[in-house]
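Structure first, then comments.
The values are calculated or read from the model by the stated rules, or taken from the named source; none is laboratory data. Here the structure is a predicted model, which means the values were calculated and not measured. Heads up, the Cβs are rebuilt from the backbone with ideal geometry, glycines too, and the neighbour counts pull from every protein chain shown.
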Amino acid sequence: MKRNKIKNEDVSINFRIPRALKAKIINEASVRNITISKYLRETLEEIHGDLEERPKEFLSETKDYLFSKEFVRFVFWIYRKLKDNNREEDDDIDGYIDLIKGVGKYLPSDVVCELDKVLMDLLRIRTAIGIDGKYYRFVDSYADDKRLNYKKLEDFFLGFGLDQHFSDKKYKY
């Protein structure tokens, strides 16, 4: 990743980190034969990208993903499971697992965390034996960390989240 030269307008950030983390950072920077500052800049840019302006290609790729036949079918499947949480023979479990594993690039982290609950349940049900593999638990689990929060999905897809995702340059992942 090539970065433009640091300008006088660029700001600095100071923060405290544990000694062990600092040692890891120093080691990684030395392995790459770059300064600690450059290593940290590249790492932060890799995680957050350019928050000033999203490339049009990324927005186009994101729209293509979110409105793809596979993703739309997956979202409808999730909502269908509200009415009937039984595992069906034609459930594309492996396809849904692959699809969810790719969402992190296109969706905000709070939505990804919700879909991770579905992923964990799909992984469980794929290898479950007997009655344990007949029902999806992400629909109505008693535990919040296992139950899909449909409201968060709705807020993103039907409301502010999706609009902001495509229009606000400062929306973070």
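Within segment 106-125, the residues that satisfy the criterion of being at pLDDT below 90, closer than 22 Å to Phe76 by Cβ and either in contact with a Pro (Cβ under 9 Å, 6 or more places away or on another chain) or not aliphatic (A, V, I, L, M) (or both) are Tyr106, Pro108, Asp110.
Within segment 22-33, being surrounded by fewer than 10 Cβ atoms within 10 Å (Cβ to Cβ) and either of a type outside the set (S, T, N, Q) or not assigned by TED's automatic domain parsing to the domain that holds Glu45 (or both) holds for one residue alone: Val31. Do the conditions hold for Glu61, that is, is it surrounded by 10 or more Cβ atoms within 10 Å (Cβ to Cβ), within 26 Å of Gly104 (Cα to Cα), at pLDDT 80 or above and in the same structural domain as Val103 (by TED's automatic domain parsing)? In short, yes.
Where helices (runs of 4 or more DSSP H) fall entirely within segment 39-142, those with at least 2 residues that are out of contact with any Cys (no Cβ under 8 Å at 6 or more places or on another chain) and touching a residue at least 40 places away in the same chain (Cβ under 8 Å) are at 56-66, 69-83, 109-127.
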